[in-house]
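Have a look at the structure below before the remarks.
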Amino acid sequence: MAQSTFVAAICVLILSHSFISVVKATTFTIVNECNYVVWPGILSNAGVPTLPTTGFVLQSGETKVITAPASWGGRFWGRTHCSEDSTGKFSCLTGDCGSGKVECSGNGAAPPVSLAEFTLDGAGGLDFFDVSLVDGYNIPMLVVPQGGTGQNCTNTGCVVDLNGSCPSELKVMSTDGTDGVACKSACEAFRDPQYCCSGAYGTPDTCKPSSYSEVFKTACPRAYSYAYDDKTSTFTCANADYTITFCPSPNTSQKSSQEQQQNTETTTSPLINTTMVYEGALDQSVASPSSCTHVFVNVGIIMAIWWSLLSMLQGISGTTFTVVNKCDHTVWPGILGDSQLDTTGFELLTGGSRSIQAPPSWSGRFWGRTGCISDQNTGQLTCQTADCGSTQMECNGKGANPPVTLAEFTIGSGTQDFYDVSLVDGYNLPMLVEPSSGSGKCLSTGCVNDLNRQCPDKLRVQSGQACKSACEAFGKPEYCCSGAYASPDTCKPSSYSEMFKAACPKSYSYAYDDATSTFTCTAADYTITFCPSSTSKKSASNTAPAAATTTGTTSPIYGSITGSGEVPEDVNISSWFPYFLTGQSSRTISSSVSHNTLLVSAISFLFLSSLDFSHTYNFLQT
């Protein structure tokens with residue numbers, strides 16, 4: 001019994017270590033090899049924690065190390081020619097984030113700017129990363145994975161100085177007009193849909209490389225040169241740290257995978273044409289001693305039991321919804337479900353959050369009411385958008401009056417949850433749904449754009465507080481998927497629903513928009529955020545994939561526009577350019593999972609104690 005107990009303790013430690021390794025942090029090492037000062041900027045994706053700094057000064061030759069949590073996503077860039085004016089306001093000639101300070105504090109970079117983009121612990125447990133010139137170029141940049149594995153775990157970047165060779169119509173000059181300090185994208189310079197991959201050019205089939213993007217691609221073959229340049233520009237690694245170097249030497253070969261690994265097969269692909277050769281990821285194949293087999297067979301059995309029990313207990317314990325308000329105004333969330341939660345409506349001030357527990361198998365929806373006021377005489381509450389008609393803070397079983405952005409859930413009981421964000425009933429607020437602690441694909445979804453500002457006149461509510469669906473605005477069966485149009489075969493996307501879909505490709509845009517808009521997760525908790533910060537200016541591609549891949553291609557959050565119908569004259573689709581949201585949810589350990597982990601560990605311990613481990617114990621003694 002003492003032997004079994006000893007081995008059981010070791011196995012529990014192994015299991016605990018395996019669980020903790022899922023949320024391994026990633027180290028970014030920022031290096032300045034330029035012969036001038038660089039002020040790096042950092043922007044985290046919507047719905048993920050910010051890093052310890054969002055901007056800092058980096059002298060020539062200096063290095064700074066930053067640790068990012070598991071499932072972090074965001075971007076790094078370099079600001080140049082920065083200074084403070086007499087009032088202390090900080091600004092930069094290139095890459096400026098507009099904060100007026102060294103810290104960017106949630107602001108992105110003004111183009112033109114070279115970007116290094118990351119989504120950690122994405123689909124299949126892989127990190128996805130790229131260097132993008134879609135928003136132009138301002139500084140040479142190299143990303144080198146350290147210690148990672150994978151077939152596509154390799155360097156990427158643009159290590160040449162494009163400012164000197166930049167076409168005159170794209171060139172940004174220094175304040176004295178003597179030197180080029182940045183190079184615009186053709187999209188920024190000309191605002192033409194064919195360069196911006198917008199409007200009629202909003203799909204991979206219609207948006208092709210231009211003569212300007214080819215200038216970038218020829219110089220930097222591994223960097224994004226235009227929005228749909230995915231196949232040669234997105235890279236993946238597992239369990240890597242990363243070094244980001246500004247102004248790397250163009251004559252030095254850098255290995256993309258760890259120096260200690262040995263392999264007879266390497267792949268070569270240039271970062272600059274004929275100038276640099278970079279070795280691809282090295283394969284790790286180490287034969288395990290046969291004497292270890294008994295130990296790891298037993299551990300494998302227990303791990304399977306451990307995870308199954310953990311998922312089951314999490315599902316049985318119910319689901320926690322955390323509702324967060326990042327809007328610059330108060331929101332009054334409403335809730336409607338098949339069984340009543342501890343609240344059906346409440347007030348949420350700017351920056352506030354509230355957690356709500358739902359039982360297993362619960363089904364319902366969340367939304368945000370805006371512009372709510374209470375009548376001084378009667379005390380009745382009414383809201384400008386998404387009012388539920390209860391005349392109270394609590395909705396008491398009443399649904400939202402459209403137009404309204406909806407987050408819809410069907411929670412399993414030890415089985416899959418189904419969830420979506422729907423614009424079928426119109427739009428009133430940006431919304432993001434993020435699973436945490438679940439298993440499965442568990443992707444984030446939502447609509448993070450402020451569509452009210454660009455809503456067509458025919459759909460606009462009052463002074464722009466909300467945007468109607470075409471069904472509500474016109475009442476036609478073809479828009480409502482009713483009558484003769486009440487099936488997937490007969491109800492197709494309309495020009496109006498296509499407008500919503502172009503802006504928010506992961507959201508429902510019409511009733512039968514299931515294929516790209518319904519998501520699943522098992523035993524998860526969920527964070528619902530109103531007004532999540534917009535984070536990307538990449539024209540039509542997302543740094544976070546919807547499915548694991550070994551080729552580095554990504555699933556764009558800017559979905560292509562499909563379906564029939566002409567775009568209405570009052571709709572400017574190019575002005576509906578969406579910012580991307582992270583395709584993969586953050587995976588943090590919730591308190592409920594922590595409690596369940598202890599319980600499952602105890603069950604594993606008891607199970608192990610009942611097994612005959614004399615075989616294993618003898619091995620451990622040798």
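Every residue, every condition in (1) modelled with pLDDT of 95 or more; (2) out of contact with any Gly (no Cβ under 7 Å at 6 or more places or on another chain), yes or no:
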position: ALA123; (1), (2): no, yes
position: LEU126; (1), (2): no, no
position: PHE129; (1), (2): yes, yes
position: MET141; (1), (2): yes, no
position: GLY147; (1), (2): no, yes
position: CYS153; (1), (2): no, yes
position: GLY164; (1), (2): no, no
For this session: From (1) within 21 Å of ASN449 (Cα to Cα); (2) part of a strand (DSSP E or B); (3) in contact (Cβ under 8 Å) with a residue 60 or more places away in the chain, pick out the condition that doesn't hold for GLU408.
Result: (3)
For this session: Would you check if there is a residue in the range 55-76 being touching a residue at least 40 places away in the same chain (Cβ under 8 Å), of a type in the set (Ser, Thr, Tyr) and more than 18 Å from PHE129 (Cβ to Cβ)?
Result: no
Problem set entry | Condition broken by LYS101, with the remaining ones in (1) farther than 21 Å from THR29 by Cα; (2) among the charged types (D, E, K, R); (3) not in a loop (DSSP other than H, G, I, E, B) satisfied | (3)
For this session: Out of GLN454, GLN465, report the one residue that is farther than 27 Å from ASP525 by Cα, in contact (Cβ under 8 Å) with a residue 40 or more places away in the chain, in contact with a Phe, Trp or Tyr (Cβ under 9 Å, 6 or more places away or on another chain) and not small (Gly, Ala, Ser).
Result: GLN454
Exercise. Restricting to the range 466-509, what's the tally of residues that are more than 19 Å from ASN449 (Cβ to Cβ), of a type in the set (A, V, I, L, M, F, W, C) and buried (at least 18 other Cβ atoms within 10 Å of the Cβ)?
Worked result: 5
For this session: Can you confirm whether the range 168-177 contains a residue that is more than 22 Å from the chain's Cα centre (by Cα), small (Gly, Ala, Ser) and more than 15 Å from VAL215 (Cα to Cα)?
Result: yes
For this session: Might you let me know whether the range 135-146 holds any residue that is within 21 Å of the chain's Cα centre (by Cα), assigned to a loop (DSSP other than H, G, I, E, B), in the same structural domain as TYR226 (by TED's automatic domain parsing) and buried (at least 24 other Cβ atoms within 10 Å of the Cβ)?
Result: yes
For this session: Look through TYR212, TYR228, TYR242 and report the one residue that is in the same structural domain as VAL31 (by TED's automatic domain parsing), out of contact with any His (no Cβ under 6 Å at 6 or more places or on another chain) and not in a loop (DSSP other than H, G, I, E, B).
Result: TYR242
For this session: Looking only at the range 74-81, decide whether some residue is touching a helix residue (DSSP H, G or I) at 6+ places or on another chain (Cβ under 8 Å), at pLDDT 95 or above and under 20 Å from ALA227 (Cα atoms).
Result: no
For this session: Find the residue count for the range 46-72, including only residues that are in a strand (DSSP E or B) and modelled with pLDDT under 95.
Result: 0
For this session: Check whether at least one residue in the range 220-228 is of a type in the set (A, V, I, L, M, F, W, C), surrounded by fewer than 21 Cβ atoms within 10 Å (Cβ to Cβ) and farther than 27 Å from GLY125 by Cα, and report yes or no.
Result: no
Exercise. Is there a residue being touching a residue at least 12 places away in the same chain (Cβ under 8 Å), touching a strand residue (DSSP E or B) at 6+ places or on another chain (Cβ under 8 Å) and crowded, with 24+ Cβ neighbours inside 10 Å anywhere in the range 187-203?
Worked result: no
Exercise. Looking only at the range 435-467, which residues are more than 30 Å from TRP72 (Cα to Cα), outside any loop (DSSP other than H, G, I, E, B) and at pLDDT 90 or above?
Worked result: ARG460, VAL461, ALA466, CYS467
For this session: Working only within the range 75-95, note down all residues that are buried (at least 22 other Cβ atoms within 10 Å of the Cβ) and on the phi > 0 side of the Ramachandran plot.
Result: GLY95
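The values are calculated or read from the model by the stated rules, or taken from the named source; none is laboratory data. Since the model is a prediction, treat every value here as computed from it, not as a measurement. Because the Cβ atoms are built from the backbone with ideal geometry, glycine has one as well, and the counts that use them run over all protein chains shown.
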